[in-house]
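Contents: one structure, followed by commentary.
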């Protein structure tokens, strides 16, 4: 499976990818790292198409080896998304504008997507997304599980109704 996490710069793509990769045991293609290895910092329309092809080629290679692949990059145009050709598209729609005006101008919201992430809560979104696309074994000893358990316990401590519900077994 080839997964694209796309959205404006600063939307949380890399953060979500960093949470989703270990849950799905996936290979990760981070746009900045791929550009760094290629020493290619061309952000023109043509440069972005070239980068989409580069990301697609790498992702297809990993996928052909039987891996789940997660690629996180802006992928600002319909053409770039078609070139990458994801099996699953996750759109991070968490900000109205990114930090680069040229990217804001060329960014076209996707018409079709599998998930639209609207809040910056990568830990929760990663679990929601993973739950929908793959079966996985929950492990209470993994960091994400520990964090979720701690959040749950903390919420219960702050919620006075929790103590009452426990007392009356609701």
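Between residue 149 and residue 108, the distance separating the two model label sites (each 7 Å from Cα on the Cα→Cβ line) works out to 4.8 nm. Measuring between their Cα centroids, region 1-79 and region 105-122 lie 15 Å from each other. Residue order for 101, 82, fewest other beta carbons within 10 angstrom first, comes to 101, 82.
Counting only DSSP beta bridges whose two residues both lie in region 2-136, roughly 0 percent are antiparallel.
What's the Kirkwood radius of region 2-136 in Å, using all Cα pairs? Could you put the intermediate results ahead of the total?
Details: mean 1/r = 0.0677 Å⁻¹.
After inverting the mean inverse Cα-Cα distance, the result is 14.8 Å.
Quick note: the coordinates plus some simple rules give every number you see, no bench work behind them. On a predicted model such as this, the values are computed, not experimentally measured, just so you know. We place every Cβ from the backbone using ideal geometry, glycine too, and count neighbours over all the protein chains shown.
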